[in-house]
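Since the structure comes first, as structure tokens, the remarks are kept for the end.
The values are calculated or read from the model by the stated rules, or taken from the named source; none is laboratory data. Remember, predicted model here, so these are calculated numbers, not experimental data. Because the Cβ atoms are built from the backbone with ideal geometry, glycine has one as well, and the counts that use them run over all protein chains shown. Note: accessible area is taken over every heavy atom of the protein model, side chains too, but ligands, DNA and RNA are not part of it. Shrake-Rupley method; radii C 1.70, N 1.55, O 1.52, S 1.80 Å.
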Amino acid sequence: MIIHEFDASVFLAEYWQKKPCIVRNFIPNFVDPIDENDLAGLAQEETVDSRIVSYSEGAWQVSQGPFAAFDDLCVGKWTLLAQGVDKYIDELSMFTEKVRFIPSWRFDDVMVSFSNAGAGVGPHTDEYDVFIVQGKGTRRWQVGLPCKAETVVPHPLLKQITGFDPVIDEVLQAGDAVYIPPKHPHNGVALEDCINYSIGFRAPTNLEVLHGMLDESDDFETNQQRYHDPDIATLRSANSATEQISSNEIARLKEGLNELLNSDQAKRALLQYLSRQQLNRFDEQAFSAEDILAYLQDGDEFVRVPGLRAIYAEQSIEESKVFEFFIDGDAFAIDALCTQEVQFMLSNATIERKHLSDDTLKGESEQAKAFILLLTDLVNAGLWDFLD
């Protein structure tokens, strides 16, 4: 279960959601994009989900941020963790780029932790896949196979499990990674001061997906159909009790739900829900399309907000008249003839003059005007901005 030369196709076939593994030198020549001071600064921000987990004098303690001070909380063996750091520090895109062989809608965020020697959060299991990349320092990882370990709660905000039999017991150096599938017990213990980067993947339950789609109710409301039964006599037996609902009636109600879930409106609601990620957007602007075109012609470079990921449904470019995509719950649409240029923009951190066709930079054709107008909308929405 140790990979020395990573191959994405082999990994997907043999390991993804099947078994854990260690990947040596997952990121060659690794250099930490942030340090513990940067992490502590983020943990002081109101918008950042952070916590400190410590073990001292035989007791576990969990404190939730934001933190005004650390001295009284960082006692004994302690770990400082912050979620969604990729949404604040663009340099962490190196991790998301490394796992682009997994579709972006499955990606959740990058959690960063700093631990002193001997620290960890205890043995536990997760419901999602995760790559944990080792930064500075070293950490010992033990990973087991799914088992019926007893759950213990040493603190109201901390869930752990009892011991498990590890199939992996390895020390990670900078640039190494451990991949852990869902429900696989694991325990990581810092051997010295160290930083870890957890690349987490989302795996919503079917009920969470349903709730999420219902939250995007605007589209659903345009397609809702009221139950009807003009043939009620054929749906029920003649001697059915008034209080009884027949199998035929249940089937018709389910049929109505299936029609709703299979509608185009449900598809858009699903994409809108899956795209939501609570980005730390740039300031909203009020540029005109003429302003944006002028900046591009002058050689200005545009950069997307840290952590941004766009999603769109598979579609036939030849048959579609409109290319639609979603970012953080917002829908955007453009003439399908602009699809390739827009897809390039969505897949790259920056866009500048050299990336665009001469036709687009002239801004004269209908397609060119549509692209510039789209970029204007994205900038004004705080999703793209000028590169400083």
(Q) Please go through segment 108-118 and give me each residue that is open to solvent by less than 20 Å² (accessible area, probe 1.4 Å) and closer than 9 Å to Ile199 by Cβ, ordered by number. (A) Asp109, Val110
Q. Where in segment 272-344 are there strands (runs of 3 or more DSSP E), lying wholly inside it, with at least 2 residues that are over 22 Å from Glu208 (Cα atoms) and in contact (Cβ under 8 Å) with a residue 60 or more places away in the chain?
A. 302-304
Q. When segment 202-227 is examined, which residues are found to be under 30 Å from Ala177 (Cα atoms) and either touching a Pro at 6+ places or on another chain (Cβ under 9 Å) or at pLDDT below 90 (or both)?
A. Ala203
(Q) I'd like the full set of residues that are open to solvent by 90 Å² or more (accessible area, probe 1.4 Å) and modelled with pLDDT of 90 or more, limited to segment 228-244. (A) His228, Pro230, Thr234, Thr242, Glu243, Gln244
(Q) Here's a check for you: in segment 329-388, which residue that is hydroxyl-bearing (Ser, Thr, Tyr) and in contact with a helix residue (DSSP H, G or I) (Cβ under 8 Å, 6 or more places away or on another chain) is most open to solvent (accessible area, probe 1.4 Å)? (A) Ser357
Q: Among the residues of segment 250-289, write down those that are under 24 Å from Ile311 (Cβ atoms) and aliphatic (A, V, I, L, M).
A: Leu260, Leu261, Ala266, Ala269, Leu270, Leu271, Leu274, Leu279
Q.
Looking only at residues that are part of a strand (DSSP E or B) and of a type in the set (Ser, Thr, Tyr) in segment 33-57, which one is farthest from Ile89 (Cα to Cα)?
A. Ser56
Q. Any idea which of Phe67, Phe107 is among the aromatic types (Phe, Trp, Tyr) and closer than 20 Å to Cys21 by Cα?
A. Phe107
Q) Of the residues that sit in segment 69-84 and are closer than 16 Å to Asn37 by Cβ and loosely packed, with under 12 Cβ neighbours inside 10 Å, which one is farthest from the chain's Cα centre (by Cα)? A) Asp71
Q. Assigned to a helix (DSSP H, G or I) and among the polar types (S, T, N, Q) - does that describe any residue in segment 249-260?
A. yes
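Here's the yes/no breakdown for (1) over 21 Å from Asn29 (Cβ atoms); (2) hydrophobic (A, V, I, L, M, F, W, C); (3) in a strand (DSSP E or B):
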position: Gln160; (1), (2), (3): yes, no, yes
position: Ile168; (1), (2), (3): yes, yes, yes
position: Tyr179; (1), (2), (3): no, no, yes
position: Asn196; (1), (2), (3): no, no, yes
position: Pro204; (1), (2), (3): yes, no, no
position: Leu207; (1), (2), (3): yes, yes, no
Q: Kindly indicate which of Val121, Val167 is touching a residue at least 12 places away in the same chain (Cβ under 8 Å) and either charged (D, E, K, R) or surrounded by fewer than 17 Cβ atoms within 10 Å (Cβ to Cβ) (or both).
A: Val167
**Q.** Test for Gly76: is it free of Cβ contacts under 8 Å to residues at least 12 places away in the same chain and either under 23 Å from Glu127 (Cβ atoms) or not polar (S, T, N, Q) (or both)
**A.** no
Q.
Given the criteria within 28 Å of the chain's Cα centre (by Cα), closer than 30 Å to Val10 by Cβ, open to solvent by 40 Å² or more (accessible area, probe 1.4 Å) and modelled with pLDDT of 95 or more, does Phe101 qualify?
A. yes
Q. Any residue at all in segment 147-162 that is modelled with pLDDT under 95 and farther than 26 Å from Glu57 by Cα?
A. yes
